[in-house]
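Structure record follows, encoded as C-alpha cells.
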Amino acid sequence: MKHATASALIIFLAALLISPGASGAAADAQKKDQPQKAKQIEATAGIADKHPEIEPGMSCNDCHEVKLDANTSATQVWLKGDYLKWQAGEGVMTKDQVWDRIMNIFKTKNMKATFVMATCLNNRPYTYTADFALDPAKKVLYAFHEKGTEKLAHIKNNPHISMNWHREFDDNFANVACFQVLGKAEIFDGATPEFDEGLKVYPYEYAAKARKMTIEQWREVVKKSMIMTRTTIDRIRLTEGALAPLNFRTSQEWTR
Ligand code: HEC
C-alpha cells in the first residue's frame, strides 16, 4: 500500500517536471483541499438554511461555478426545438448560411458595424458602444479605443465579452434584426504586428479628413494614441424576421 502511494507520488512528480500542463493539475489538487471551494450549482439553485454564511456583496459565482442549463432555455427551443410550426430540428440553417446573413449586415457599411459590447469585472457588468470591423477570413472583430479606459482594464482582467448589434425596432416583427456575439478579446498597442493587421481590416481612413490630416498622419496618430482590441468570435445568435419568408426559423446560431 505504502509502496503504491510512493510510486504514484514519483509518477506525479515526474509528470510535473515534464508536462507543462501538470502545473494546472497541481493547482486543481490544491483547490480540492481548500474548504471554501464549493461545488458546481445550477443557475436555478437556491440556498438552504444550512448554507455557509454569505457576506454582503458576494455573489454565488464568487464561490460556485454556475451551470446554465442551456438545453431547456427558451432560446434553445426557438433555435432547434418543437416551436410554432417547426418540428425539432426543422428550419435550422447551416453554419455557413447563418454566417452569410451576418456578412450581409456588415456589408451594408464597409464591413464595420456599431455594437454595444459588455465586459464583466468583479461580477459587475459594464457596456459601451463602439464600432467593430469584421475580418471575414479569421472571423475576428477589430476595434480601436482611447488609451486608459475602464473597458480595457476589464478586458485585461476578464477577456470574455458579449456584444450586441441590433436594428432599431420599428414595431414590425418582419423587420427585426439583431445578433449577439460571445467571444474573447485581446488587447494590442500600436507597436505590435497585430495592430497593423487590424488597421488593414478596419476602415480608419475616413476619419483623417474630418481632422484635416493626410491618411499617413492619421495612421501615426492612431498608432500612438489608441489601443486595439481583437475579439475572436466563438458564438453568434441571430434573430431576423426576414428569415421567415425564406422558410427558416427566425432564431439561428453560428458557433466556431
Ligand atoms: C462564500 C462562498 C459561497 C457563496 C458566495 C455561495 N456559496 Fe453556496 N456553498 C458554499 C459552500 C462552501 C458550500 C458547501 C460545499 C458544497 O456543497 O459545495 C455551498 C453549498 C451550496 C449548495 C449545495 C450544493 C450541493 O450540491 O450540495 C447550493 C445549492 C448552494 N451552495 C447555492 C448557492 C447559491 C444559490 C448562492 C448564491 C445566492 C451561493 N451558494 C453562494 C459556498 C458559497
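What follows is calculated from the coordinates using simple rules that are stated; it is not laboratory data. Since the model is a prediction, treat every value here as computed from it, not as a measurement. In this analysis, Cβ positions are derived from the backbone assuming ideal geometry, glycine residues included, and neighbour counts consider all displayed protein chains.
For the peptides 145-157, 220-232, 43-55, residues were scored by their other Cβ atoms within 10 Å and the scores averaged per peptide; the highest-first order is 220-232, 145-157, 43-55. On full extension, the segment bounded by residue 221 and residue 120 gains 33.4 nm, given 0.36 nm per residue less the C-alpha separation. Determine which residues of the stretch 138-163 fall in the zone a paramagnetic label at residue 109 would reach in this model, i.e. backbone nitrogen under 18 Å from the point 7 Å along Cα→Cβ. Within reach of a label on residue 109: 141-146, 163. Over 26 Å apart at the Cα level, from the set 95/151; 107/209; 138/223; 107/224; 107/139, are 95/151; 107/224.
In this simple spin-label approximation, residue 55 and residue 234 carry label points 7 Å from Cα along the Cα→Cβ vector, and these lie 2.9 nm apart. Ordered by the count of other Cβ atoms within 10 Å of each Cβ, fewest first, 206, 83 give 206, 83. Counted residue by residue at 0.36 nm each, then reduced by the alpha carbon distance between them, the extension gain from residue 77 to residue 256 reaches 62.4 nm.
Taking a ≥ b ≥ c as the square roots of the eigenvalues of the Cα gyration tensor, an a/c ratio of 1.5 or more together with a/b no larger than b/c marks the stretch 105-230 as oblate. Full extension of the chain between residue 96 and residue 43 yields a length gain of 15.9 nm, computed as 0.36 nm times the residue separation minus the alpha carbon distance.
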